[in-house]
Amino acid sequence: MDIKNICCIGAGYVGGPTMSVIALKCPHIKVNVVDINEERINAWNDSNLDNLPVFEPGLPSVVEQARGKNLFFTTNVDDCIREAQMIFIAVNTPTKTYGEGKGQAADLKYVELCARKIAEIATDNKIVVEKSTLPVRTAEAIQTILDSTGNGVKFEVLSNPEFLAEGTAINDLFKSDRVLIGGQQTKDGKEAIQKLVDIYAQWIPLEKICTTNVWSSELSKLVANAFLAQRISSINSISAICEKTEADVEEVAKAIGMDSRIGNKFLKSSVGFGGSCFQKDILNLVYISKSLGLDEVSNYWSQIIKINDYQKTRFAKQIMKSLFGTVSGKKITLLGWSFKKNTNDTRESAAIYIADILIENGANICVYDPKVSKQQMLSDLDYLNSRSTEDNKKALTSCSDPYSATHSSHAVAIITEWDEFIEYDWKKIYFNLIKPAKVFDGRNILNRKALEEIGFEVYSIGKAIQKK
Ligand code: UDX
Ligand code: ADP
């Protein structure tokens, strides 16, 4: 029997866009996206599409076309589970902040709660699909929980990790490099895999749909993210060498990227990678390797995180060093707070850590980000627990435009590569700044020569500082 009813538990950055695209491409399937967060569901249902909880180019149009037809956002978890033939689990799996595996292992409590809920509610056979990134062999735990009810309902667990990147999610979903589906290699397992293949085949060419066993699929997701993050840490480590040798990291990246074996993508040196996946997934890989007694493997991967932390700290220290060794009592403007452009997601953004170090050293931070609220910035800082909420409020302000944000600042630092930053009237910003006017380009997006002509002293990641 073809799938006619899908439920997705979790209406976040993965669940929301993915299910919207499935609904659009499969008009014959009813897609219910459920979440326990009522505010989030209300935002998904907002008639003003600018208020969707996830900012993602192209998403409003997809939601507009499918919502209310075959795409529904609701808090009614139980009914949607009951109705569905196929249930996606797309809840968050953050790094554990307590107990065994603290700081490394993925916290699976939300996934477990979902599995228990499905087991409690289901009265007929279901296919359960892991969409969240999970440690290898989680499907086994989910299967055990599902099977523990003993009410005769049969569950087939599939792994279907999502490879979309935020900011380009809709394009990534429309034109995926590949879709990965892992399932049990039994007759029922293969049938379940085929049902999910049939859904994606509505718009993804069959040769791009890759089927594997469950464990390969779960591990592949972790490994894909680890390899991508590894490239960024590799080029960021080289950026430190470039700054001391007058080599230029962009020239080096271009030169090595022209080797087709290396390829030119993901070689952009930066203030350090952020986002909800890279750090979490590598920490997870580190934890799994250690648990398997593979200490050398574990140490190898943990180095990617160390270089990333080093890059963020190095950038903050460079600001302090350039400002004559102290930022105490000085206003520093950060342009960008989200972890990359074209998203309002701030999880693990380098901005949080850079701001924290500068505040610790007495700076007053003023941030402008086109999509992130001051409330979110303060909540990100509070999460680090470095000082009281009151002290964070005193140290960080945000402005609604870049020009007021730079007024009487000692320095401007580009943290996120938002396109609009390139277009600013940098002469106006120059006049706003206390002299010598300094720009720290953590993304290498600005025209350094033009800024130097205006009179700025420019520090760019991976390029030697030009002394006047
Ligand atoms: C990533 C993976 O790309 C995606 O496949 C997976 O499903 C989820 O994790 P995402 O975190 O949304 O996606 O964004 P991505 O484009 O990978 O960027 C992650 C971080 O790396 C950002 O902070 C980005 O600015 C940084 N980055 C990326 C660099 O610093 N340099 C680069 O060359 C590329
Ligand atoms: P991701 O980036 O992986 O999509 P998010 O944190 O953006 O992660 O989204 C996960 C969503 O899952 C959140 O909106 C959260 O409220 C929801 N969620 C977590 N646990 C449950 C649960 N047991 N039932 C329903 N929704 C849940």
Q: Specify which of the listed residues (SER132, SER148, SER61) is farther than 23 Å from LYS4 by Cβ and either among the β-branched types (Val, Ile, Thr) or at pLDDT 95 or above (or both).
A: SER61
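What about VAL129, is it out of contact with any Gly (no Cβ under 9 Å at 6 or more places or on another chain), within 25 Å of ALA23 (Cα to Cα) and within 12 Å of ligand 2 (Cβ to nearest atom)?
No.
Go over the candidates GLY189, GLY150 one by one and state the one that is loosely packed, with under 15 Cβ neighbours inside 10 Å and more than 20 Å from ALA106 (Cβ to Cβ).
Details: GLY189 fails: loosely packed, with under 15 Cβ neighbours inside 10 Å.
From the options GLY189, GLY150, the qualifying one is GLY150.
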Q | Output for segment 60-92, where each listed residue is farther than 23 Å from LYS109 by Cβ, away from ligand 2 (no atom under 13 Å from the Cβ) and of a type outside the set (D, E, K, R) | A | PRO60, SER61, VAL62, VAL63, GLN65, ALA66, GLY68, ASN70, LEU71, PHE72, GLN85, MET86
Q) If you check LEU180, LEU158, LEU196, LEU206, which single one turns out to be touching a Gly at 6+ places or on another chain (Cβ under 6 Å) and away from ligand 2 (no atom under 16 Å from the Cβ)? A) LEU158
Q.
Looking only at segment 435-464, count every residue that is touching a residue at least 40 places away in the same chain (Cβ under 8 Å) and either surrounded by fewer than 14 Cβ atoms within 10 Å (Cβ to Cβ) or at positive phi (or both) and tell me the total.
A. 2
Q) Quick one: would you say SER379 is exposed (fewer than 13 other Cβ atoms within 10 Å of the Cβ) and over 25 Å from SER460 (Cβ atoms)? A) no
Q) What strands (runs of 3 or more DSSP E) lie completely within segment 321-402 and have 3 or more residues being touching a helix residue (DSSP H, G or I) at 6+ places or on another chain (Cβ under 8 Å) and farther than 20 Å from ILE445 by Cβ? A) 396-398
Q: Could you grab me the full set of residues in segment 261-317 that are closer than 15 Å to PHE339 by Cβ, in a helix (DSSP H, G or I) and in contact with a Pro (Cβ under 9 Å, 6 or more places away or on another chain)?
A: LYS280
Q | Filter result (more than 10 Å from ligand 1 (Cβ to nearest atom) and either surrounded by 15 or more Cβ atoms within 10 Å (Cβ to Cβ) or modelled with pLDDT under 95 (or both)) within segment 258-291 | A | ILE282, LEU283, ASN284, LEU285, VAL286, TYR287, ILE288, SER289, LYS290, SER291
Q: Would you point out the residue of segment 392-404, among those that are within 18 Å of GLY362 (Cα to Cα) and under 28 Å from the mean Cα position of the chain (by Cα), that is surrounded by the most Cβ atoms within 10 Å (Cβ to Cβ)?
A: LEU396
Q.
Checking GLU166 against (1) in contact (Cβ under 8 Å) with a residue 24 or more places away in the chain; (2) touching a strand residue (DSSP E or B) at 6+ places or on another chain (Cβ under 8 Å), only one condition comes out false. Which one?
A. (2)
Q) Picking from ALA115, ALA106, ALA141, which residue would you name as being under 22 Å from LYS221 (Cα atoms) and within 18 Å of the chain's Cα centre (by Cα)? A) ALA106
Q: Say whether the condition of being on the phi < 0 side of the Ramachandran plot and within 16 Å of ligand 2 (Cβ to nearest atom) is met by at least one residue in segment 259-275.
A: yes
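The values are calculated or read from the model by the stated rules, or taken from the named source; none is laboratory data. Keep in mind that what you see is a predicted model, and the values were worked out from it rather than measured. Neighbour counts are summed over all protein chains in view; Cβ atoms, including those assigned to glycine, are modelled from backbone coordinates with ideal geometry.
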